[in-house]
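These notes are about the structure you will find just below.
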Amino acid sequence: MKLPTVALFLLAPVLGACGWIPLPAQSAPDFYFTNSSVQVTPAQVAYMSENQLDAGRLSIPSLPYSTITIDADLEYQGKGAAMRLEIFAAAERPNCPSVNSTLPGYSPALLCTGPEAGQRVAEVLLNTGTRTPLHLEGAVLAHALRAKTLYLGIRLLSGNPGNNAVIYVTNIHLHGWV
């Protein structure tokens, strides 16, 4: 063995303790948000009513992660020109009223008067028909992913999505460091 390889092998426990050893990226199936029933105001946050880590959407090894991030692409298809959103993550199901979707087969949304138990993990400007990269990170996101309970929410800061506007979430990758 060469000396640099041995040195890296010996330093691995130290680097791991510092959160510098990346784990292989995990991917998740694409999904989308639709504006079928909820007109979110800047004072409200609409959360998905289902745990995003249920039903095998994302397989996360049980490891002592120091940092976890999610990268994805968003594409907005709607009649409005642009929309600015805040993305929230919650490690437990928000205790907010449920609002049913007007489209068959869609889960209801949880409409909260504020962030509830969630925290802001990103802000993004979406233009119609344009792919926009999204990077999510934060302590609540890492906690939620370690606990295998994640509820995502959005707050509309500006723009006016019409009925049945869709935001596609694709190329989803989770990155973790121990």
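Here are the numbers for the structure shown:
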| item | result |
| --- | --- |
| Dipole in debye (nearest 20) - region 73-128, about Cα centre, beta carbon charges: Lys, Arg +1; Asp, Glu -1 | 160 debye |
| Separation of the residue 93 and residue 146 label points, Cα + 7 Å toward Cβ, nm | 2.4 nm |
| Fully extended contour minus Cα-Cα distance, from residue 82 to residue 157, at 0.36 nm per residue | 25.9 nm |
| Calculated FRET efficiency for the pair residue 125/residue 54, C-beta based, R₀ 22 Å, to 0.05 | 0.15 |
| Cα gyration tensor, region 74-178 - rounded (a/c under 1.5), prolate or oblate | oblate |
| Average accessible area per residue (Å²) across region 81-133 - probe 1.4 Å, nucleic acids and ligands excluded | 54 Å² |
| Estimated inter-spin distance, residue 132 and residue 107, nm [label 7 Å along Cα→Cβ] | 2.3 nm |
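The values are calculated or read from the model by the stated rules, or taken from the named source; none is laboratory data. Quantities reported herein were computed from a predicted structural model and do not represent experimental measurements. Heads up, the Cβs are rebuilt from the backbone with ideal geometry, glycines too, and the neighbour counts pull from every protein chain shown. Remember, those area values only see protein heavy atoms, side chains included, never the ligands or the DNA or RNA. Shrake-Rupley method; radii C 1.70, N 1.55, O 1.52, S 1.80 Å.
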